[in-house]
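The values are calculated or read from the model by the stated rules, or taken from the named source; none is laboratory data. Note that the coordinates shown come from a computational prediction; the quantities given were computed from them, not determined experimentally. Every residue, glycine among them, receives a Cβ derived from its backbone with ideal geometry; neighbour counts consider all protein chains shown.
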């Protein structure tokens with residue numbers, strides 16, 4: 001048995017991996033989904049910060065990203081997924097709220113901006129293949 005980062009929305013994660021592998025080389029990079037989600041969240045936060053973001057100092061840019069992260073993973077906003085990023089950027093430019101649903105699972109940020117819900121995949125080797133044994137949901141109390 002072993003463990004790896006898991007995804008709560010398995011069908012979304014599998015579709016993302018299929019899309020990724022079709023466009024690029026098949027990836028065996030650990031935390032590929034999480035890195036993708038982190039990059040998307042930062043890009044969405046920058047978009048929400050507005051055009052003035054690019055005139056800010058680096059310190060101000062960091063603060064603008066921090067201040068807008070929760071707003072792009074906002075449960076009250078319109079849900080968007082990795083396949084709807086153009087729509088997400090358009091909604092933000094229109095001043096609307098969004099709720100990015102990640103390929104690694106739902107993005108639920110606590111008061112510190114940390115992920116508070118996730119999953120751990122328990123895997124095993126069966127007939128020479130690595131297969132998922134079970135998925136364990138993890139909730140972190142803040």
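Checked against (1) farther than 17 Å from residue 9 by Cβ; (2) touching a strand residue (DSSP E or B) at 6+ places or on another chain (Cβ under 7 Å), residue 68 passes all but condition (2). Looking only at the range 96-111, decide whether some residue is over 16 Å from the mean Cα position of the chain (by Cα) and under 19 Å from residue 44 (Cβ atoms). Checked the range 96-111: at least one residue is over 16 Å from the mean Cα position of the chain (by Cα) and under 19 Å from residue 44 (Cβ atoms). Under the condition of being under 13 Å from residue 5 (Cβ atoms), out of contact with any strand residue (DSSP E or B) (no Cβ under 8 Å at 6 or more places or on another chain) and assigned to a helix (DSSP H, G or I), the residues counted in the range 17-35 number 3. Within the range 79-103, the set of residues being in a strand (DSSP E or B) and out of contact with any helix residue (DSSP H, G or I) (no Cβ under 9 Å at 6 or more places or on another chain) comprises just one member, 79. Within the range 97-142, the residues that satisfy the criterion of being out of contact with any strand residue (DSSP E or B) (no Cβ under 7 Å at 6 or more places or on another chain) and farther than 30 Å from residue 66 by Cβ are 125, 126, 127, 128, 129.
When residues in the range 44-56 are screened for being closer than 19 Å to residue 91 by Cα and either loosely packed, with under 12 Cβ neighbours inside 10 Å or free of Cβ contacts under 8 Å to residues at least 24 places away in the same chain (or both), 6 of them pass.
Give 43, 64, 49 a once-over and let me know the one that is over 26 Å from residue 118 (Cα atoms) and at pLDDT 95 or above.
Values: 43 fails: over 26 Å from residue 118 (Cα atoms); 64 fails: over 26 Å from residue 118 (Cα atoms).
After applying the criteria, what remains is 49.
Here residue 106 meets the list (1) closer than 24 Å to residue 120 by Cα; (2) in contact with a helix residue (DSSP H, G or I) (Cβ under 8 Å, 6 or more places away or on another chain); (3) surrounded by 17 or more Cβ atoms within 10 Å (Cβ to Cβ) almost entirely, failing just condition (2).
Step by step: first the residues of the range 9-31, then only those that are under 22 Å from residue 137 (Cα atoms) and crowded, with 17+ Cβ neighbours inside 10 Å, then the one that is modelled with the highest pLDDT. Which residue is that? Reasoning before the result, please.
Residues of the range 9-31 that are under 22 Å from residue 137 (Cα atoms), as a first pass: 9-17, 29-31.
After this cut, where a residue has to be crowded, with 17+ Cβ neighbours inside 10 Å as well, the list is 9, 12-13, 16.
On the way: 9: 79, 12: 88, 13: 88, 16: 91.
Out of the qualifying residues, it is 16.
Candidates are the residues of the range 82-96 that are buried (at least 17 other Cβ atoms within 10 Å of the Cβ) and in contact with a strand residue (DSSP E or B) (Cβ under 7 Å, 6 or more places away or on another chain); the one that is nearest to residue 137 (Cα to Cα) is 88.
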